[in-house]
């Protein structure tokens, strides 16, 4: 096997896996911070219960996000050393800032939050979870700015002497519209993920009539559902903006998202297609007329470039320098990735809203279907997030940096197939085993429910001989 | 500032990040390896883990920042070293994954088998990086087989077994024994008797072993690979400070011992970076070209930006990390751990069983 393929599989597996935990961490950090704020302001026990309960789920998840994140930072150098050298002058900077500015913030203040319940004044303790939450959101910004540069490289020149790209404007790299919109879209996804998780778990607690949990669960169901619905709306708006930027910067990706082979004006959007997997010979296709034109250009009769045209255009533009066989990404993956992202995301918000409606004004629904819905609602955004990233990364192919470096040239020249395969197998096995452990713990925590009796953890401060409230 | 000055600054800053990593995570590797040795009862084990609880993750970020800073400031070094030291890094990553989740998950369940497994992962997960970082640094100082690829990059052409030479293995033993001692001193500093006394006595013995290993390694480095007289200074500081640490330990002054050990780690890292300069990856055959900081570095523009970022942020990071240690300055008394056998995510049935076991243990002691 070719080391390139194995390295790509490894990057895909480790990154999609890492990104299962990331949005939960970001969204849940803010929601838990909000709940704790509500407790500090109102003194209402249900908010303390909610802080402790969802805080526990948050931390079980956070541990996985941390350890799988270390792999991310190392594997650029391990498997993609040519890429790292060629663009490190630009790409390395946001990563270093991410570590220095945000990893320290997250890890230190989360440590203070976890163990500080009986050590810090109430409001200082509240501040620690907010700082950790802000850290997670800023961390996302830095890595998305780095990724946006791969989608749309700006603020650099090519240095022929060193044979590499060099940064000319850090502000352009950090604040180009591709980065800003990707961050807004991703943060919205994080809130949808956390909102759907909170709503699903809360509905389950209500329907199971978990003792002592009802007041909390009704409050958190509302919070989770509202957050999910608002986040879904934000995803629609930011996604729409993102698509318009994409049409200008990476028209091939938009065409691949629709499997639009021939340039069309106006262009329809197909909800789904039956036929060949790559949509080249549809047998049946449910289409919304003019929708793709609107999505791509903002007008109902806008012109959308087709794959065949773009392929020819790229052959002429890039062929002399790169001589790649094809400039078209894998169409089945982009076509279905795009649809599954939108579909699963909308289902998540719908489920959260239905759950809230079913349990409105003190009702306790009994339907078996609602229980199932409560259980699968938190999974929907995870599928949507994965599909979205697979779409956007596969849609950039054959480039690792669009127009600048083909993916095939990015791999480590000195690393053989056996080494990459070893690490792929090792990571996959460990990640699989850890998934079982992590899900097991999450289910235990959910079944246990929130603590029935909550004592104000700040009440007995100052007693030197008191028992430790938090230990490892 | 000129590009040459910036390159030297960043070479120094990366040394500083490694110092931060060795001083801070060094002790939590030590505590992790010593978990079954010092923690004779479940209550003591929980106390040991609780001393690390609030800080281990923040300590590990020093490594991530060192990695990120190397990527940004010396991309060619990052690319060649990370792809060249492939298997050792894979082992380190696996270790860091396992130990990270183990800290968080171990005490969630009371099941003894569950806890034994995570204990083993904490020990192995701490042992592997404590050993391998020393091996990696040994190889850097000794030199590796690298060559320029003619397209701006450098390739490591050696194999995995080339990394396992006697000198570098002693380097591994050096970091391992230094971290073990550092960890024992940290336990003495952060716990109460009898754990404290036991850790202190162990620290004296480990400190003597480490002294021998480290002196052999550093003097060998100096004589064989330095080529500079001034690097004797950090080598001597490291040695003297280590002896002062052992003496402080012997007299029961673990706070001073911790400071002296930290000075040793800082001086040792400084010595190794001093010996490396002006290379980042010297060739094992000194007659052949090796990768210098000039070959490896980013552009003047990027280094200037990153210098500002580092100047602004590093003091803030140091301030709040120091504050964390201040907040958790109190010793962890095993007596204050409410119910060491209970898991926070036990089912009601498991909780009842654990309660019975705890009562039995209390009755028999």
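The values are calculated or read from the model by the stated rules, or taken from the named source; none is laboratory data. A quick note: this is a predicted structure, and the numbers were derived from the prediction, not measured. As a convention, Cβ positions derive from the backbone with ideal geometry for all residues, glycine included, and neighbour counts pool all protein chains shown.
General observations
- Count of region B:100-116 residues which are crowded, with 16+ Cβ neighbours inside 10 Å and either under 11 Å from residue A:64 (Cα atoms) or more than 10 Å from chain A (Cβ to nearest Cβ) (or both): 7
- Positions within region A:77-89 being part of a helix (DSSP H, G or I) and more than 7 Å from chain B (Cβ to nearest Cβ), in sequence order: A:79, A:83, A:86, A:87
- Test result for residue B:204, closer than 28 Å to residue B:284 by Cβ and part of a helix (DSSP H, G or I): no
- On inspection, residue A:292 does not qualify as under 23 Å from residue A:388 (Cα atoms), in contact (Cβ under 8 Å) with a residue 40 or more places away in the chain and touching a helix residue (DSSP H, G or I) at 6+ places or on another chain (Cβ under 8 Å).
- Filtered residues of region A:149-186 (kept if farther than 26 Å from residue A:23 by Cβ, assigned to a helix (DSSP H, G or I) and without any contact (Cβ under 8 Å) to a residue 40 or more places away in the chain): A:171, A:172
- If you go through region A:268-278 and keep only what is assigned to a strand (DSSP E or B) and more than 18 Å from residue A:343 (Cα to Cα), you end up with just A:275.
- Scan of region A:90-147 for residues that are under 20 Å from residue A:170 (Cα atoms) and more than 9 Å from chain B (Cβ to nearest Cβ), ordered by number: A:102, A:137, A:138, A:139, A:140, A:141, A:142, A:143, A:144, A:145, A:146, A:147
- Screening residue B:80 with (1) part of a helix (DSSP H, G or I); (2) within 12 Å of another protein chain (Cβ to nearest Cβ); (3) under 18 Å from the mean Cα position of the chain (by Cα) gives one miss only, at (3).
- Number of the exception - residue A:469 against (1) at pLDDT below 95; (2) buried (at least 16 other Cβ atoms within 10 Å of the Cβ); (3) within 9 Å of another protein chain (Cβ to nearest Cβ): (2)
- Taken over region B:222-252, the criterion of being surrounded by fewer than 18 Cβ atoms within 10 Å (Cβ to Cβ) and closer than 17 Å to residue B:196 by Cα is satisfied by B:247, B:250, B:251, B:252.
- Scanning region A:295-333 for residues that are surrounded by 18 or more Cβ atoms within 10 Å (Cβ to Cβ) and either closer than 22 Å to residue A:271 by Cα or modelled with pLDDT under 90 (or both) turns up A:295, A:296, A:297, A:302, A:304, A:305, A:306, A:307, A:328, A:329, A:331, A:333.
- Lone qualifier among A:393, A:419 - being within 14 Å of chain B (Cβ to nearest Cβ) and either part of a loop (DSSP other than H, G, I, E, B) or over 25 Å from residue B:107 (Cα atoms) (or both): A:419
- Hits in region B:147-161 - residues which are in contact with a helix residue (DSSP H, G or I) (Cβ under 8 Å, 6 or more places away or on another chain) and either more than 18 Å from residue B:71 (Cα to Cα) or more than 9 Å from chain A (Cβ to nearest Cβ) (or both): B:148, B:158, B:160
- Screening A:117, A:130 for residues that are modelled with pLDDT of 95 or more and either over 20 Å from residue B:25 (Cα atoms) or not in a helix (DSSP H, G or I) (or both) leaves exactly one candidate, A:130.
- Look at (1) out of contact with any helix residue (DSSP H, G or I) (no Cβ under 7 Å at 6 or more places or on another chain); (2) in a helix (DSSP H, G or I) and you find that residue A:325 fails only one, number (2).
- Residues in region A:444-466 that are at pLDDT below 70 and under 18 Å from residue A:39 (Cβ atoms): A:460, A:461.
- Any hit, region B:59-77, residues being more than 7 Å from chain A (Cβ to nearest Cβ), touching a strand residue (DSSP E or B) at 6+ places or on another chain (Cβ under 7 Å) and assigned to a helix (DSSP H, G or I): yes
- Some residue of region A:396-409 being closer than 30 Å to residue B:54 by Cβ and either away from chain B (no Cβ under 14 Å) or in a helix (DSSP H, G or I) (or both): no
- Output for region A:279-322, where each listed residue is in contact with a strand residue (DSSP E or B) (Cβ under 8 Å, 6 or more places away or on another chain) and part of a loop (DSSP other than H, G, I, E, B): A:279, A:281, A:303, A:306
- Only residues that are within 21 Å of the chain's Cα centre (by Cα) and in contact (Cβ under 8 Å) with a residue 40 or more places away in the chain were counted across region B:213-241, and they come to 7.
- Test: residue in region A:427-447 that is surrounded by fewer than 17 Cβ atoms within 10 Å (Cβ to Cβ), closer than 30 Å to residue A:221 by Cα and over 26 Å from the mean Cα position of the chain (by Cα): yes
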